1. Looking at (1) over 28 Å from residue 219 (Cβ atoms); (2) free of Cβ contacts under 8 Å to residues at least 24 places away in the same chain; (3) surrounded by fewer than 18 Cβ atoms within 10 Å (Cβ to Cβ), can you tell me which one residue 73 breaks?
2. Applying the selection to the range 118-145, what residues are within 20 Å of residue 66 (Cα to Cα) and buried (at least 19 other Cβ atoms within 10 Å of the Cβ)?
3. What pairs come out if I take residues in the range 98-110 that are on the phi < 0 side of the Ramachandran plot and modelled with pLDDT under 95 and pair them with residues that are surrounded by fewer than 15 Cβ atoms within 10 Å (Cβ to Cβ) and in a helix (DSSP H, G or I) whose C-beta lies under 6 Å away, six or more apart or interchain?
4. Taking the options 6, 29, 47, 19, name whichever one is at pLDDT 50 or above and either under 23 Å from residue 279 (Cβ atoms) or surrounded by fewer than 15 Cβ atoms within 10 Å (Cβ to Cβ) (or both).
5. Out of 280, 209, 220, 185, which single residue is closer than 25 Å to residue 144 by Cβ and either free of Cβ contacts under 8 Å to residues at least 12 places away in the same chain or in a helix (DSSP H, G or I) (or both)?
6. May I ask you to list the residues in the range 79-95 that are surrounded by 23 or more Cβ atoms within 10 Å (Cβ to Cβ) and more than 14 Å from residue 137 (Cα to Cα)?
7. Restricting to the range 220-240, name every residue that is surrounded by fewer than 24 Cβ atoms within 10 Å (Cβ to Cβ) and under 23 Å from the mean Cα position of the chain (by Cα).
8. Given the conditions (1) touching a helix residue (DSSP H, G or I) at 6+ places or on another chain (Cβ under 8 Å); (2) part of a helix (DSSP H, G or I), which single one is not true for residue 141?
């Protein structure tokens, strides 16, 4: 209830005393994040990725496999809010697509995805027929959205200068998110998709494309010894697909009626709230670097 006039503090000292006795919770900034926590977690994640790539690439495969399994679990929990019951065990087993792609390339990835989708179907066929179609569709969607796209990083990793290719892909995607966030907070005025993501603006999108293109040029030229125009193309296209990935996950969350996919990462939400851009940009970055670098 609001304070009455007699309850209001009469001096600044009393006001400070009352404020110190019951501090107000810290509110998120203009972009809706706990910025210090988001920066700290982001730096930790980038450190894990770079360290595993440069020190022992198979460790990166293990890291991606674990992250894919967590992402599968988060999506499963989100779909259950919408009363879908996709079979969790075969979807978790689908995280094996990441190491299988590392060991056997595109053939191993294709065969293991078909096997994972078939296992989802067979697993769900045992039990009640009610909602079976939705559950199977949801399960195949989760396997395709998370383990399949995450496994594209393994295909990048086994190519020439594989760790540097993966690092380039991570850098352009993170640059897109960071540039879009910074420019959107400072200059954002024109909503891009207010019904899906009210804080996303066209000014922020321009910041995403510009920042990602700049980092793409630097990364392709300095890390991969490739042409500058390939880096420019890679960064600009990655920013577009990163934005699509972000909006696509926002659409899923809006449809389900949840704010975040989870709460594992302070300042970010769930693992899937950080993977949305990285998953969608993985195949396009792999294809562009395979063709032009």
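1. Status for residue 73: all satisfied but (3).
2. 120, 139, 140, 142, 143, 145
3. Filtered contacts from the range 98-110: no entries.
4. Criteria check complete, one pass: 47.
5. Answer to the selection: 280.
6. Listed by number, the residues that qualify are 94, 95.
7. 232, 233, 236, 237, 240
8. All conditions pass for residue 141, except number (1).
The values are calculated or read from the model by the stated rules, or taken from the named source; none is laboratory data. Remember, predicted model here, so these are calculated numbers, not experimental data. Every residue, glycine among them, receives a Cβ derived from its backbone with ideal geometry; neighbour counts consider all protein chains shown.
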